[in-house]
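Novice: Below you'll find the structure I mean.
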Amino acid sequence: MIQIQNLKKSFRTEEVETLALNSVNLKVETGEFVAIMGPSGCGKSTLLNIIGMLDNPTDGAYFFNGEEVGGLKENQRTKIRKGNLGFVFQSFNLIDELTVYENVELPLIYLNMKKSERQQKVKEVLERMKIAHREKHFPQQLSGGQQQRVAIARAVVTNAKLILADEPTGNLDSKNGIEVMNLLTELNQEGTTIIMVTHSDRDSHYAHRVINLFDGQIVTESQNKPFEVNA
Ligand code: ADP
Ligand code: ADP
């Protein structure tokens, strides 16, 4: 699904240039669950943002399903992002002014889906995430664990093929954290590819493979459990 070759990313602010990613090579197969770890500032979020097409590399190549992302126009990238990618963040990033239902419905509105179809999809995914009873509530009325379940619902309601999760349990206690990891694992077992940034050793054990970044480079990789490529 993903192939990254010699990826570099530098940021220039005033006179200072930061090399956030330095010659990263990475392959992620469809159906894999990959954890990215490493100290603060090592480039994890930058890598996730590039994979999510929210940011562009300075150098190197990025192929998504065989297509070089750098060669695509912005509207083509937006189309891939809306139809294939789902994002989950540490701080949930829900819209406070919208209800649970409306937050999850939003990506479907962006896809121009009909109202009746939207309704069916939203109901279904809220049931799955065990949050349907809160559909009329606003994010601030929910616990952190509930808000993250809404965020996961929003990420998968479009049938996203790839979920990008940036410290999805970072603001949760262990009970809610484990619940969120179990939901992500279920989605992965149904075929959704997951790339997750985490500081948590507990969370990393849910992944097939752990990649360790240090100073913008992949320094070690370890296989947690076997992953077999689907034919
Ligand atoms: P991590 O997610 O591992 O904490 P980041 O990817 O956020 O690391 O950051 C990697 C490096 O790039 C850090 O030195 C950070 O300060 C820098 N950086 C990230 N984003 C920007 C940006 N938009 N502008 C300038 N520097 C940035
Ligand atoms: P984390 O450590 O959880 O990865 P950060 O707080 O380092 O998160 O970064 C959050 C976001 O802020 C990142 O997506 C990155 O692009 C941006 N960022 C990080 N460092 C800088 C910086 N020095 N200047 C501007 N933006 C930055």
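Novice: Quick one: in the range 1-58, of everything that is open to solvent by 50 Å² or more (accessible area, probe 1.4 Å), touching a Ser or Thr at 6+ places or on another chain (Cβ under 6 Å) and more than 21 Å from Gly191 (Cα to Cα), which residue is farthest from ligand 2 (Cβ to nearest atom)? Show your work before the answer.
Specialist: Taking the range 1-58 as the starting set, the residues that turn out to be open to solvent by 50 Å² or more (accessible area, probe 1.4 Å) are 3, 5-6, 8, 11-19, 25, 27, 29-30, 39-41, 45, 49, 54, 56, 58.
Imposing the further condition that a residue be touching a Ser or Thr at 6+ places or on another chain (Cβ under 6 Å) reduces the set to 6, 8, 11, 17, 19, 30, 58.
The next check asks that each one be more than 21 Å from Gly191 (Cα to Cα); those that pass are 6, 8, 11, 17, 19, 58.
Details: Asn6: 21, Lys8: 15, Phe11: 7, Glu17: 12, Leu19: 13, Thr58: 14 Å.
Selected residue: Asn6.
Novice: Next question. Under the condition of being in a helix (DSSP H, G or I) and within 14 Å of ligand 1 (Cβ to nearest atom), which residue from the range 39-87 is farthest from Leu111 (Cα to Cα)?
Specialist: Taking the range 39-87 and keeping what is in a helix (DSSP H, G or I), we get 44-51, 69-71, 74-84.
Filter once more, keeping what is within 14 Å of ligand 1 (Cβ to nearest atom): 44-51.
Details: Lys44: 29, Ser45: 26, Thr46: 26, Leu47: 26, Leu48: 23, Asn49: 21, Ile50: 22, Ile51: 21 Å.
Of everything passing the filter in the range 39-87, Lys44 is farthest from Leu111 (Cα to Cα).
Novice: Given the options Leu85, Leu19, Leu106, Leu111, name the one that is closer than 18 Å to Arg154 by Cβ and touching a strand residue (DSSP E or B) at 6+ places or on another chain (Cβ under 8 Å). Let's see the steps before the verdict.
Specialist: Values: Leu19 fails: closer than 18 Å to Arg154 by Cβ; Leu106 fails: touching a strand residue (DSSP E or B) at 6+ places or on another chain (Cβ under 8 Å); Leu111 fails: touching a strand residue (DSSP E or B) at 6+ places or on another chain (Cβ under 8 Å).
Exactly one residue qualifies, and that residue is Leu85.
Novice: Looking at the range 10-29, which of its residues are out of contact with any Gly (no Cβ under 7 Å at 6 or more places or on another chain) and touching a residue at least 60 places away in the same chain (Cβ under 8 Å)?
Specialist: The answer is Ser23, Val24, Asn25, Leu26, Val28, Glu29.
Novice: Among what's in the range 207-227 and is outside any strand (DSSP E or B) and either charged (D, E, K, R) or under 15 Å from the mean Cα position of the chain (by Cα) (or both), pick the residue that is surrounded by the fewest Cβ atoms within 10 Å (Cβ to Cβ).
Specialist: So in the range 207-227, the residues outside any strand (DSSP E or B) come out as 207-208, 215-216, 224-227.
Add one more test, that the residue is either charged (D, E, K, R) or under 15 Å from the mean Cα position of the chain (by Cα) (or both), and what stays is 207, 215, 225.
Details: Ala207: 27, Asp215: 14, Lys225: 10.
Checked the range 207-227; the qualifying residue surrounded by the fewest Cβ atoms within 10 Å (Cβ to Cβ) is Lys225.
Novice: Could I ask something else about it? Just one of Glu105, Glu97, Glu117 is closer than 19 Å to Glu135 by Cα, open to solvent by less than 50 Å² (accessible area, probe 1.4 Å) and among the acidic types (Asp, Glu); which is it? Explain how you work it out, then say what you get.
Specialist: Values: Glu97 fails: open to solvent by less than 50 Å² (accessible area, probe 1.4 Å); Glu117 fails: open to solvent by less than 50 Å² (accessible area, probe 1.4 Å).
Being closer than 19 Å to Glu135 by Cα, open to solvent by less than 50 Å² (accessible area, probe 1.4 Å) and among the acidic types (Asp, Glu) holds for just one of Glu105, Glu97, Glu117, which is Glu105.
Novice: Could you tell me which numbered condition Arg154 fails, if it satisfies all but one of (1) of a type outside the set (A, V, I, L, M); (2) part of a helix (DSSP H, G or I); (3) open to solvent by 70 Å² or more (accessible area, probe 1.4 Å); (4) more than 21 Å from Val28 (Cα to Cα)?
Specialist: Unmet for Arg154, out of (1) of a type outside the set (A, V, I, L, M); (2) part of a helix (DSSP H, G or I); (3) open to solvent by 70 Å² or more (accessible area, probe 1.4 Å); (4) more than 21 Å from Val28 (Cα to Cα): (3).
The values are calculated or read from the model by the stated rules, or taken from the named source; none is laboratory data. This is a predicted model, so every value here is computed, not measured. Every residue, glycine among them, receives a Cβ derived from its backbone with ideal geometry; neighbour counts consider all protein chains shown. Protein only, heavy atoms only, side chains kept; ligands, DNA and RNA dropped before computing areas. Shrake-Rupley method; radii C 1.70, N 1.55, O 1.52, S 1.80 Å.
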